[in-house]
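The values are calculated or read from the model by the stated rules, or taken from the named source; none is laboratory data. Because the structure is predicted, anything quoted here is derived from the model rather than measured. Every residue, glycine as well, gets a Cβ built from its backbone with ideal geometry; the counts of neighbours run over all protein chains shown. What goes into the accessible areas is simple: the full protein's heavy atoms, side chains included, and nothing from ligands, DNA or RNA. Shrake-Rupley method; radii C 1.70, N 1.55, O 1.52, S 1.80 Å.
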Amino acid sequence: MLDKGYKQMDEQSKRSVFSVVVSERRNRSTQPKLQLPKFDLTETHKRDAYCLRAILFSFDAAILKAPTVLLDPAAFVRLAAAHGFPVSSAIQRERTYGNISENAIRMLAQQNCLGHRLIQLWKRISPVTASRVLQMPATNPTPMEPFSPGTIRKIRMALTPIRDQLGFEIIRNLNLLDDPVAFLAMCKRIGYNGPGWTFNTDRPNDMNKAVGQRLIDTWRIMVVS
């Protein structure tokens, strides 16, 4: 009798354990799988990649001169902004009102978040320069960041006052975006006085073509920023 009772208890316990296991498996199978969003497909990621590619001609040279900015994401953002990368003014400088220390901490945190993402993006866009930087011997951080404005930043500063007129001229003649020399001539006509404004545009040459293309690239950055 005792053996029978023990057997019944064993079978009951087995059934209860089996039912618990089955119910857990069923619950797991019905739960939706969580998937992280693919950030490389977002519009912000595409815009940042486009803008980084547009400043590589001067930005890569600056990083080779000061490779330690890769160890400081906030400095990386400030360097990118100095060479023409569109960065919100809210994360470039402290506000002139409110609690200055709190604003400075918030600004630094935003720069660090953006910097981590831009560093990884830059390594994928410019793998050759990134490999050269990694092969460089370790050096002490430079006391001053290379903040000398790049060509695109200077061009952007000169285009900002005439941005509305520039957009109007482009709408009137979209073919200007395919003709760098004509684009440069148009910018000079409406008041552009940045890099290359003294170049002659009567005949195409390597210099006025290069400056005109930089003007077109910079205008496109201003449009998406």
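Structure above, values below:
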{"quantity": "Test for residue 164: is it modelled with pLDDT of 90 or more and either under 28 Å from residue 79 (Cα atoms) or open to solvent by 70 Å² or more (accessible area, probe 1.4 Å) (or both)", "calculated": "no"}
{"quantity": "From 140, 175, residue being exposed (fewer than 13 other Cβ atoms within 10 Å of the Cβ) and at pLDDT below 75", "calculated": "140"}
{"quantity": "In region 192-225, the residues that are of a type in the set (S, T, N, Q), outside any helix (DSSP H, G or I) and closer than 30 Å to residue 46 by Cα", "calculated": "225"}
{"quantity": "Looking only at region 180-225, and only at residues there that are over 22 Å from residue 52 (Cβ atoms) and basic (Lys, Arg), the one that is most open to solvent (accessible area, probe 1.4 Å)", "calculated": "203"}
{"quantity": "Residue match in region 179-191 (condition: over 21 Å from residue 84 (Cβ atoms), of a type in the set (Asp, Glu), at pLDDT 85 or above and not in a loop (DSSP other than H, G, I, E, B))", "calculated": "no"}
